[in-house]
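Scroll down for the structure; my scribbles are underneath it.
The values are calculated or read from the model by the stated rules, or taken from the named source; none is laboratory data. Keep in mind it's a predicted model, so treat the numbers as computed, not measured. No Cβ is skipped: glycine too gets one built from the backbone with ideal geometry, and neighbour counts run over all protein chains shown.
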Amino acid sequence: MRELALNILDIAENSLSAGATLIEIAVTADFAADRMRIAIRDNGKGMSAEMLARVTDPFTTTRTTRKVGMGLPLFKYSAESAGGSFHIESEEGKGTYVWAEYCISHVDRMPLGDFGGVILQLITQNPSVDFSVFAANGERDGALDTRDVRDILGDIPFNTPEVRSFLKEYIKENLTDIFGGRL
Amino acid sequence: MKSLEELRALREKMKSQTDNRSVASGDETVIKVGMATCGIAAGARPVLDALLDEADKRHLHNVSISQTGCIGMCRLEPIVEVYKGGNKYTYVHMTPEKARKVMVEHVVNGNVCKEFLVGENS
């Protein structure tokens, strides 16, 4: 992984596999304190305490085709190698909450990357799932909740070209521009 | 700045168009891009973006592009599967450039890009 945005995509894909109907993604930066945080919360099926205890082990996975699962270990590594920390909470039947903190100026902190592109992809490729996305830099914040978009659009799908290009602009102006390329 | 109010206006404009759009022909092409950890790390996201971009640019309404989980050959990622004319074609080690070529040569013109297929590359 070369971008934190790709880690967000990967963790959100886990939420989708867990049958989530709502996925909340928040990226918040505090430039004065030199800290940033990425949080992903879902209402999927969650996991048992026993699974939770070994879920960041690369040799743990829910897949049946092979024995390795690198998603969470890579996300954890991205934070811990950048002066940050990684946390995960989960309850069976309720959902999972994953968040990681980073030291913004740490030399090994990966760039945020194409955060807007990842959000657009998640929203347009998973029309039956709702996403609530939040971005903040301490002074300004922005949000996109697909439930609001759905209310307006009715039965017009998110992946029609016109809607997609609207969402692309909306995400850029309301979410990614908040960081002004500084992450 | 873009607001959801603009979306409301867009919806009104589109209502009249939805009918034309749904008249897609039966020979739909389905394209799937592997988007598990292995695919993402190998660069599947730019590949998916390139496919969507080509489809938009060429107004290909009978092409459905979506993502899927791990296809099972992680070392060959990014993998793109094209279902066309009752057959499945598995393209491996894709890049945005190769993906655009597949869109033009195979999906639009019907000539399979043999050099990118799994049999030639594994």
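Would you be able to say whether some residue in region A:123-135 is surrounded by fewer than 20 Cβ atoms within 10 Å (Cβ to Cβ), at the interface with chain B (Cβ under 9 Å from one of its Cβ atoms), modelled with pLDDT of 90 or more and farther than 24 Å from B:H61 by Cα? No, region A:123-135 has no match at all.
What strands (runs of 3 or more DSSP E) lie completely within region B:36-122 and have 1 or more residues being of a type in the set (D, E) and within 29 Å of A:E162 (Cα to Cα)? Give the steps one after another, and end with the answer.
Working: elements: B:63-68, B:80-84, B:87-91.
Those strands (runs of 3 or more DSSP E) span B:80-84.
Applying the selection to region A:164-182, what residues are facing another protein chain (nearest Cβ under 9 Å) and modelled with pLDDT under 90? A:R164, A:S165, listed by residue number.
Scanning region A:136-163 for residues that are under 18 Å from the mean Cα position of the chain (by Cα) and under 19 Å from A:E101 (Cα atoms), which turns out nearest to the other protein chains (Cβ to nearest Cβ)?
Of region A:136-163, the ones under 18 Å from the mean Cα position of the chain (by Cα) are A:136-137, A:141-147.
Pick out the ones that are also under 19 Å from A:E101 (Cα atoms) and you get A:136-137, A:141.
Values: A:A136: 16, A:N137: 16, A:D141: 13 Å.
Residue satisfying both the conditions and the ranking: A:D141.
Quick check: is even one residue across region B:64-72 within 14 Å of chain A (Cβ to nearest Cβ), more than 22 Å from A:G69 (Cβ to Cβ) and aliphatic (A, V, I, L, M)? The answer is yes, given that some residue of region B:64-72 is within 14 Å of chain A (Cβ to nearest Cβ), more than 22 Å from A:G69 (Cβ to Cβ) and aliphatic (A, V, I, L, M).
Among the listed residues B:C38, B:C70, which satisfies the condition of being at pLDDT below 95, within 22 Å of A:L16 (Cα to Cα) and either touching an Asp or Glu at 6+ places or on another chain (Cβ under 8 Å) or exposed (fewer than 15 other Cβ atoms within 10 Å of the Cβ) (or both)? It would help to see each step written out before you state the result.
Numbers: B:C70 fails: either touching an Asp or Glu at 6+ places or on another chain (Cβ under 8 Å) or exposed (fewer than 15 other Cβ atoms within 10 Å of the Cβ) (or both).
Sole residue among the options that is at pLDDT below 95, within 22 Å of A:L16 (Cα to Cα) and either touching an Asp or Glu at 6+ places or on another chain (Cβ under 8 Å) or exposed (fewer than 15 other Cβ atoms within 10 Å of the Cβ) (or both): B:C38.
For region A:151-173, the condition of being touching a strand residue (DSSP E or B) at 6+ places or on another chain (Cβ under 8 Å), more than 21 Å from A:L6 (Cα to Cα) and not in a loop (DSSP other than H, G, I, E, B) holds for none of the residues.
Within region A:105-114, the presence of at least one residue that is of a type in the set (G, A, S), surrounded by fewer than 20 Cβ atoms within 10 Å (Cβ to Cβ), at pLDDT 90 or above and not in a strand (DSSP E or B) is confirmed.
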